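Quick notes on the structure that follows.
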């Protein structure tokens, strides 16, 4: 896991905004002390990693992702109504039926159910969506899909 945090430290130092969504408050995601960096070790300093930290409910990360998607769909509709640039890439959505279907069901999901399942407030999820929409480059890293018996499976199978 140390290599993962070390890889996050470099973009963080260059000003990248890193949003952590994790049920556990991991110190290394807040600030990372690299054992391979002699100056950090000697000065007891560290590199801040996450600019924002959202503590999702255990097993609620898929619901959080659903809420972020719901917020993005809403932002896209508002942009279209205001004759602004789209938030979503419609050519990709049109060419990918699975994505189109997921966005359709996601937009119908109730915020209350998403909040209960994720443990995050609607405002938090909308804040993440806004940061994502404003980003020119995004990397999403997640381990929630690893176990085949994950509690997240029902969230995306509906």
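The values are calculated or read from the model by the stated rules, or taken from the named source; none is laboratory data. Remember, it's a predicted structure, so these values are computed and weren't measured experimentally. Cβ sites come from the backbone with ideal geometry, for glycine too, and all protein chains shown count toward neighbours.
Listing for the model above:
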item	result
Residues being at pLDDT below 70 and closer than 21 Å to residue 139 by Cβ - total across the range 33-53	1
Checking residue 65 against (1) buried (at least 18 other Cβ atoms within 10 Å of the Cβ); (2) modelled with pLDDT under 90, the condition it does not meet	(2)
Residue ID - surrounded by the most Cβ atoms within 10 Å (Cβ to Cβ), chosen from residues in the range 97-112 that are in a helix (DSSP H, G or I) and in contact with a helix residue (DSSP H, G or I) (Cβ under 8 Å, 6 or more places away or on another chain)	106
Selection within the range 42-96 - in a helix (DSSP H, G or I) and touching a strand residue (DSSP E or B) at 6+ places or on another chain (Cβ under 8 Å)	61, 64
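Here's the yes/no breakdown for (1) under 17 Å from the mean Cα position of the chain (by Cα); (2) modelled with pLDDT of 95 or more; (3) assigned by TED's automatic domain parsing to the domain that holds residue 16; (4) closer than 19 Å to residue 50 by Cβ:
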site	(1), (2), (3), (4)
76	no, yes, no, no
104	no, no, no, no
121	yes, yes, no, yes
150	no, no, no, no
